[in-house]
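Below is one structure; the comments refer to it alone.
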Amino acid sequence: MKAQELQHLNQQLQQIGREFSEQIKEEVNHVINNSCDAFEADFKQLQSRMIRRLDELLDTFSVAYAYRRATISHPRNATAPLIAILVEAFYYLANQLEDILVESSQQVIANYFQQLIEKIRKSEYYHQLYRLLDHDGGIEQEIKTVEKVVTQALVSAASVECDRFVRESPRFYDEGTFSIYQFRQTLLQTSQGYDAESIVEAEPAIRQLLKLDFEPKVSHTIRKSFRQTINQILKTQLIPMANQQADEILQQYPQARAYLEKTLEQEAEEKIANNRRLLNVVAENIGAYNSAASSINSCLQAMQLSDHLLPVIGNTEFIYATPASFDNDGKSDSNGFVNSDKVVEV
């Protein structure tokens, strides 16, 4: 049995690596095809958080604060144009949205990799790998390393994505659009004076202007571009790792061989010890039976009922099969016992 186990060890390791690689590819493909329910729920949560955060920022945006920042940046001037207020607002909104997109992305990735590890731990090949190596062959460590790389890549991608929010939408100032009409109406209102009051009074109109610009940009990010970014990062990081780890598992054949030899020896010793216990129990039972049978037979003989005597067990001996038990006369059975032709009185 030991030789047979060792003969198939290399094939087992190769199969384990193949199954691990195939599972990673399948899990990534589920994400790309929007068929991973847990990931979809987390990404929808990211979308909702971005939308809610934009609404909060627009509702709480302070034109007075933006005006102060604009005038502080230009100490020679006592007034600021509407464009300066919009510039401050664009930077403020973009940076605040970046914070929430980064945070949400990190949560999405953390949940995904946690669920991925849990699925792997439940797989049959993972349990088999533990039996062959007494550890997972470095699978979980590699996955956690990839998680860090993916997280950092998404943080950078979120930063780039939100940095683009600073630019106005491509058609924001197109003729005939509501946004250009709103901009002109807001400009008309803010041009009534040169102090802060005229700007502050136009706060509702400025907020509406910002909403017209930012809502399409945020929507494009969370519904189109950023999801593809996540998919691509997961695919380019996880699949190469899975292929490399499959090769790494196969390279651990020497460790697996040494551990398997040790395990098989331990299993054999445990089987021998168990058989010894069973043999002792059988011997005790035989002794008890023979003692009882002898007493009953004595009574039957006294009653002259010798034809009804109980048989006494004593025509077969079971010798426990230790390595020294095997000789030319004895043959071991599947339970580790040697059947002997000796007749022993019990």
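Bear in mind these aren't lab numbers, they're just calculated from the coordinates by the rules spelled out. Because the structure is predicted, anything quoted here is derived from the model rather than measured. In this analysis, Cβ positions are derived from the backbone assuming ideal geometry, glycine residues included, and neighbour counts consider all displayed protein chains.
Observations on the model:
- Additional length obtainable on full extension of the chain from Glu261 to Arg276, 0.36 nm per residue less Cα span: 3.1 nm
- When both region 111-180 and region 228-249 are represented by their alpha-carbon centers, they are found 11 Å apart.
- Here the peptides 66-75, 154-163 are ranked by packing, the mean other Cβ count within 10 Å, and the order with the highest first is 154-163, 66-75.
- Sorted on the mean count of surrounding Cβ atoms within 10 Å across their residues, most packed first, peptides 268-276, 215-223 read 215-223, 268-276.
- Projected label points at Gln114 and Asn95, each 7 Å from Cα along the beta carbon direction, are separated by 3.1 nanometres.
- Summing Cβ point charges (Lys, Arg +1; Asp, Glu -1) relative to the Cα centre of the chain gives a dipole of roughly 1180 debye.
- Taking 0.36 nm per residue of separation and subtracting the Cα-Cα distance, full extension of the segment from Arg131 to Ile72 would add 14.4 nm.
- Tyr181-Glu103 FRET efficiency (beta carbon distance; Förster radius 30 Å; 0.05 resolution): 0.25
- Value of Rg to Rh for region 33-140 (Rh from inverse mean 1/r over Cα pairs, i.e. Kirkwood): 1.33
- The helix-based estimate of mean residue ellipticity at 222 nm for the chain, built from -39,500 (n - 2.57) per DSSP H run of four or more residues and divided by its residue count, is -25500 deg cm²/dmol to the nearest 500.
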